[in-house]
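Note sheet for the following structure.
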Amino acid sequence: MIHALLLLASAAADTPADKCPVFEIITSEDPGLLEFAAVKRPDDVATNWDEVTYNWTVSAGSIDSGQGTDDIYVRVVLGDVVTASVEIGGLDPNCPTTFSGTEEALIPTGDE
């Protein structure tokens, strides 16, 4: 199962909107794991991607792999509702830097 949530945020008045990237948080599920990915909008411009950092937090479960990258896997149990938030560093300081997405673990791990 794959879901996409387009997260839009307003840029500060002194930063043109086309200078701020917009991210989608894409989620997918495998037994016992939820995947969250911060995917930049394809028409994004004006960002030096070599300097971008990713710091993820989750509301339930635990980050199994991917901290510091644009894609994490969260270890979950059936029924967990997980909000994953990512703080993206290296963007224009007048642009939004935090994005999040929520998903419920619906596929049993085989242990339940």
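The values are calculated or read from the model by the stated rules, or taken from the named source; none is laboratory data. All of these numbers come straight from a predicted model, not from anything done at the bench. In this analysis, Cβ positions are derived from the backbone assuming ideal geometry, glycine residues included, and neighbour counts consider all displayed protein chains.
Here the range 78-103 is the region considered, the condition is being under 17 Å from Pro31 (Cβ atoms) and at pLDDT below 90, and the residue that is surrounded by the most Cβ atoms within 10 Å (Cβ to Cβ) is Leu78. In the range 61-77, which residues are surrounded by fewer than 17 Cβ atoms within 10 Å (Cβ to Cβ) and small (Gly, Ala, Ser)? The answer is Ser62, Ser65, Gly66, Gly68.
Only one of Thr15, Thr27 is at pLDDT 80 or above and either loosely packed, with under 14 Cβ neighbours inside 10 Å or among the polar types (S, T, N, Q) (or both). Can you tell me which?
Thr27
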